[in-house]
Amino acid sequence: MTGKIIALEAVELSLGDGAARVDVLKGIDLAVERGEAVGLIGPSGSGKSTLLMVMAGLERPDRGRVVLDGEDLTGLGEDALAQVRGRRIGIVFQSFHLVPTMTALENVALPLELAGKPNPFRRAQEELAIVGLGERLHHYPAQLSGGEQQRVAIARALAPDPALVVADEPTGNLDEKTGRIIADMLFSLKRERGATLVLVTHDPTLAARCDRTIPLRAGQIVAEPVPSAA
């Protein structure tokens, strides 16, 4: 199936009040096709992570529309938006964001339970085996290395079979070798599942693996999307 999986139309977002008010996103128009891998690039403070959070429904724009697979997210209440995220969006953070009091198995099963998926713990076990953690099911995040924690985070993000996966600096807290392994895993699973991937990165090697890159500066897309050399 082809077509747009997500579209942003004239999206604007400001943070703070009065003299401290900062325009973070300024009239963003962006469409991502189903199955694409897109990299958001640019200097720190350019709005990349905020744009990603708007796409994931974790930040609400002040103006404009965000349409996911034909559904306008902008007018949804918090409960409805949370349901959409749970079913259709997988999120991978730089800092993993695992629940520290839950085992790897419980961390992956949690979104499956919330999404109403059948047999959440069996599915979580299968997903952890896929990312090479079949022997670490009952370990807590503090007992796992950074690379292992990010594998759990990837399993958690992909377990509900989301149409869209967003990743904010997914290799940013990892050493070069571990980061490469995590990137290989993320892109491989994205292809196998037929998902769409949008990621924020400062790493040119990671950006080059995307189908195209979107450069941002000062809250705006500053050039036409650039096809990668990969």
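The values are calculated or read from the model by the stated rules, or taken from the named source; none is laboratory data. Small disclaimer: the values here were computed from a predicted structure and weren't measured. All Cβ positions, glycine included, derive from the backbone under ideal geometry; neighbour counts span all protein chains shown. The area values use the complete protein model at the heavy-atom level, side chains included, leaving out ligands, DNA and RNA. Shrake-Rupley method; radii C 1.70, N 1.55, O 1.52, S 1.80 Å.
The relative contact order of the stretch 116-230, computed from alpha carbon pairs under 8 Å that lie at least 6 residues apart in sequence, is 19 percent. Normalised by 2.2 N^0.38 Å, where N is the number of residues, the C-alpha radius of gyration of the stretch 111-230 stands at 1.15.
Across the stretch 23-105, counting alpha-carbon atoms alone, Rg and Dmax equal 14.3, 42 Å. What the Kirkwood sum gives for the chain is a hydrodynamic radius of 18.0 Å, with every pair of different alpha carbons counted. Among the GluC sites (Glu not before Pro) within the stretch 38-135, those in coil by DSSP and having at most 15 neighbouring Cβ atoms inside 10 Å are E135. When only Cα pairs below 8 angstrom with a gap of at least 6 residues are kept, the stretch 57-140 shows a relative contact order of 23 percent.
Computed over protein heavy atoms with a 1.4 Å probe, the accessible surface of the chain works out to 47 Å² per residue. Is the shape of the stretch 25-162 rounded, prolate or oblate, going by the alpha carbon gyration tensor and its root eigenvalues a ≥ b ≥ c, with a/c under 1.5 for rounded and a/b larger than b/c for prolate? Verdict is prolate for the stretch 25-162. Among the listed pairs K48/K177; K4/K190; K4/K48; K117/K190, those whose Cα-Cα separation exceeds 22 Å are K48/K177.
Across the stretch 1-99, the relative contact order, built from alpha-carbon pairs under 8 Å that are at least six residues apart, equals 29 percent.
Per atom type, the chain shows carbon and sulfur on 51% of its accessible surface, probed at 1.4 Å.
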